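Here is the structure we will look at, set down as structure tokens.
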Amino acid sequence: DFDSTFNLILNSNADLISLQEVNPDWYNYIKNNPYIEKYYPYDTSIVRMDFLGMTILSKYQFLKIDTFNYEHIPNFIGCIKHDSLDEKIYFVSTHTTPPVSLKAYSDIRNHLEQVADTVNSISDPIFALGDYQVVPWSDEILSFRQKANLEDSRRDIPTSYFPHDHIFFSKQFECLELQSIGSQKTTHLGILGKYQRKKNETISTGTIE
């Protein structure tokens, strides 16, 4: 349901949103929706027929936006400059393959190791977000967080859905709130986090599958 999903996005009022599984139908809806253009004037997309397409929507101009691949899987890396922060804020958006086999778990681990290497190459504050296909307590996530030196936004484990969407953040920030985004038709579509720079400024990010 395109309209109800994007009403949730607009109502979230997030500064930066990562959309997962963007196919041509979703992309056409995004590009032809005047409200998205009004409230999120900056966007970039990788459009695919499979589940690996992604879009980034931002209220703030991209100072940098690029992609890097793990094998055939694209990842976004970029940065914005928030109005209230006199510094660059980086983000990495990732969607890993589903863990349908033992090899798939190895692929997720290797993919996240590459993401961690990318995170470690950035000295500015950074968020890593997206659909990682594994739960917060998995070996893959714990290894990734340790290598990337990132904090987890999720403090409590939800009981109503499988928590495989994540927002991790560097130690320059603290998470003030994390909530599930859902609709009447779908109980869980994504998560929305609100963060405070350790100087008392705030920024919000979301990821939607």
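Mean separation of Cα pairs under 8 Å and 6+ residues apart, divided by the residue count of the chain: what relative contact order is that in percent?
Answer for the chain is 18 percent.
With a probe of 1.4 Å, find how much accessible area the chain has per residue, and write the answer as a whole number in Å². Present the calculation step by step, with values, prior to reporting the outcome.
Details: 9970 Å² over 209 residues.
Per-residue value: 48 Å².
222 nm [θ] for the chain, helices only, -39500 (n - 2.57) per DSSP H run of 4+, per residue, to 500?
-8000 deg cm²/dmol
Report the trypsin sites (Lys or Arg not before Pro) located in the range 99-203 that are in a DSSP loop and have at most 16 other Cβ atoms inside 10 Å of their Cβ, or state none.
The qualifying sites are Arg155, Lys171, Lys185, Lys198, Lys199.
Label points 7 Å out from Cα along the Cβ direction at Lys38 and Glu21: separation in nm?
Between Lys38 and Glu21, the simple spin-label model gives 2.9 nm.
Considering only Pro99, Pro41, Pro158, give the residue with the highest GNM mean-square fluctuation for the chain, with springs between Cα atoms whenever their separation is below 10 Å.
Pro158
Calculate the tail of P(r) for the range 1-45: the fraction of all Cα-Cα distances greater than 15 Å, expressed in %.
38
Which of the lysines could a cross-linker span from Lys81 if the Cα-Cα distance has to be under 17 Å and same-chain partners fewer than 8 positions apart are dropped?
Lys59, Lys64, Lys194, Lys198, Lys199
Take the solvent-accessible surface of the protein heavy atoms, probe 1.4 Å, and return the percent of it on the range 13-162 that carbon and sulfur atoms account for.
Carbon with sulfur: 47 percent of the solvent-accessible area.
Could you compute how fast the range 47-204 diffuses translationally, taking Rh as the Kirkwood radius over C-alpha pairs and applying Stokes-Einstein at 25 °C with viscosity 0.890 mPa s? Give it in µm² per second.
For these conditions, the coefficient is 151 µm²/s.
Tell me, Kirkwood radius of the range 1-103 from alpha-carbon pair distances, in Å?
Hydrodynamic radius (Kirkwood, Cα pairs) of the range 1-103 is 14.6 Å.
Count the net charge of all other residues whose Cβ sits under 12 Å from the Cβ of Met49, scoring Lys and Arg as +1 and Asp and Glu as -1.
-2
In whole angstrom, note down how far apart the Cα centers of the range 36-59 and the range 112-183 are.
20
Counting Lys +1, Arg +1, Asp -1, Glu -1, what net charge surrounds Tyr39 among other residues with beta carbon under 12 Å of its beta carbon?
Residues near Tyr39 contribute -1 overall.
The values are calculated or read from the model by the stated rules, or taken from the named source; none is laboratory data. Here the structure is a predicted model, which means the values were calculated and not measured. Don't worry about glycine lacking a Cβ; one is built from the backbone with ideal geometry, like all the others, and counts go over all protein chains shown. Surface accessibility is based on the protein's heavy atoms, side chains included, excluding ligands, DNA and RNA. Shrake-Rupley method; radii C 1.70, N 1.55, O 1.52, S 1.80 Å.
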